[in-house]
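The values are calculated or read from the model by the stated rules, or taken from the named source; none is laboratory data. Just so we're clear, the structure is a prediction, and the values are computed from it rather than from any experiment. Every residue, glycine as well, gets a Cβ built from its backbone with ideal geometry; the counts of neighbours run over all protein chains shown. Accessible surface is based on the protein model in full, side chains and every heavy atom, while ligands, DNA and RNA are left aside. Shrake-Rupley method; radii C 1.70, N 1.55, O 1.52, S 1.80 Å.
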Amino acid sequence: MTIERVVRPAGPYSLALSTRHASSATRRVRDGTLTTAVLAGGRVELAAARQLVDGRIVLRAESDEGVERLRFALAIDADHSEFLRRFARDPLIGKATREFRGKRVLRLPSVAHALLRAFCGQLIESRRARQLEHRIVRATCPRVAGSDLNAPPTTATFASMAPMRLRALGLHARRAAALVRICRSMELERLHDVPTDVVAARLVRERGVGPWTVGVVCLEGLGRPEYGLVGDLSLVKLMSDLRGRWVESHETAELLEPYGEWAGLAGVYLLPGPSRADRPPAFFRNAPARS
């Protein structure tokens with residue numbers, strides 16, 4: 001049985017902007033339709049979404065819970081109108097809020113998937129990081145019946161795995177050990193019920209986890225726009241441009257601080273911001289690893 005609902009997003013929303021570069025081992029975007037694996041009621045099912053010309057979103061899934069999980073993944077109810085109004089004239093993101101006003105941050109199907117993405121992303125080069133993430137999910141998660149997509153990794157996926165398996169797939173030994181250790185110490189989905197500051201404090205106690213990793217988990221795993229991607233290489237490059245010197249990753253917290261409870265979303269809007277084409281080549285060398 002397939003359940004279909006047509007919903008109107010809260011505030012400005014563009015599925016096309018939000019799903020740009022969104023394809024992964026668990027979801028794909030084709031001809032304007034996002035198809036994704038979701039976790040619903042302890043089982044994996046396929047769900048899909050497309051946007052009508054009047055702005056409404058057509059959601060399809062195999063169960064009511066699947067529809068709700070899809071709704072969360074698409075951030076349909078995460079109205080960011082206040083963010084757009086407050087920072088419309090901001091010197092750094094004002095232009096981006098007008099050009100990309102319908103853009104939202106998609107959430108991954110599981111918090112474990114977001115944590116995996118974060119550890120892979122510490123490689124710095126985004127293309128290599130996505131390739132590594134794709135390879136690990138393909139190798140460790142079963143295919144969804146009738147699809148070329150994989151089921152999302154869960155806490156149990158990595159808790160039951162030897163770090164050496166992840167190392168053999170290409171994840172650095174320390175990151176593999178940290179991923180397995182965290183998944184063995186807590187059920188990551190329960191973080192949905194925990195305040196953001198408590199989530200951050202708990203995760204940064206782990207070796208190999210820093211503000212950037214927490215930011216990925218909060219944004220893409222929990223849907224929390226208030227925690228920014230402190231230390232993101234793009235933000236380091238932008239701030240280095242503004243300061244006229246190479247800045248340390250922790251200094252990017254100053255860049256995000258003025259955006260308050262919207263720091264996470266502001267960081268995303270900063271990424272497609274002012275052109276960086278005229279940056280001195282030195283700014284792209286010797287970049288520190290993220291954590």
Look at region 138-183 and say how many of its residues are surrounded by fewer than 15 Cβ atoms within 10 Å (Cβ to Cβ) and hydrophobic (A, V, I, L, M, F, W, C). 7
Listed by first then second residue, the pairs whose first member lies in region 127-141 and is more than 15 Å from T157 (Cα to Cα) and modelled with pLDDT under 95, whose partner is part of a helix (DSSP H, G or I) and not basic (K, R), with beta carbons under 6 Å and at least 6 positions apart or on separate chains, are A129/C120; A129/G121
Checking E82 against (1) over 16 Å from the mean Cα position of the chain (by Cα); (2) crowded, with 21+ Cβ neighbours inside 10 Å, the condition it does not meet: (2)
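In region 19-63, which residues are part of a loop (DSSP other than H, G, I, E, B), touching a helix residue (DSSP H, G or I) at 6+ places or on another chain (Cβ under 8 Å) and touching a residue at least 24 places away in the same chain (Cβ under 8 Å)?
S24, A25, T26, G41
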Checking V230 against (1) assigned to a loop (DSSP other than H, G, I, E, B); (2) farther than 21 Å from L265 by Cα, which single condition isn't satisfied? (2)
Positions within region 196-227 being in contact with a Cys (Cβ under 8 Å, 6 or more places away or on another chain) and either outside any loop (DSSP other than H, G, I, E, B) or over 22 Å from L255 (Cα atoms) (or both), in sequence order: T196, V199, A200
Output for region 4-14, where each listed residue is touching a residue at least 60 places away in the same chain (Cβ under 8 Å), at negative phi and not β-branched (V, I, T): R5, P9, A10, P12, Y13, S14
Just a yes or no: is a residue in region 240-247 surrounded by 14 or more Cβ atoms within 10 Å (Cβ to Cβ), more than 16 Å from the chain's Cα centre (by Cα), part of a helix (DSSP H, G or I) and modelled with pLDDT of 90 or more? yes
Subset of region 101-122 that is outside any helix (DSSP H, G or I), open to solvent by less than 40 Å² (accessible area, probe 1.4 Å) and of a type outside the set (S, T, N, Q) - its residue that is farthest from V216 (Cα to Cα): G102
Could you tell me which residue of region 7-23 is nearest to I136 (Cα to Cα), considering only residues that are open to solvent by 20 Å² or more (accessible area, probe 1.4 Å) and within 14 Å of the chain's Cα centre (by Cα)? S23
Of the residues G32, G55, G42, which single one is out of contact with any Gly (no Cβ under 7 Å at 6 or more places or on another chain), open to solvent by 60 Å² or more (accessible area, probe 1.4 Å) and on the phi > 0 side of the Ramachandran plot? G42
Among the numbered criteria (1) in contact with a helix residue (DSSP H, G or I) (Cβ under 7 Å, 6 or more places away or on another chain); (2) of a type outside the set (S, T, Y); (3) closer than 18 Å to Y269 by Cα, which one does G221 miss? (3)
If we ask which residues in region 139-173 are among the charged types (D, E, K, R) and within 21 Å of R184 (Cα to Cα), their number turns out to be 2
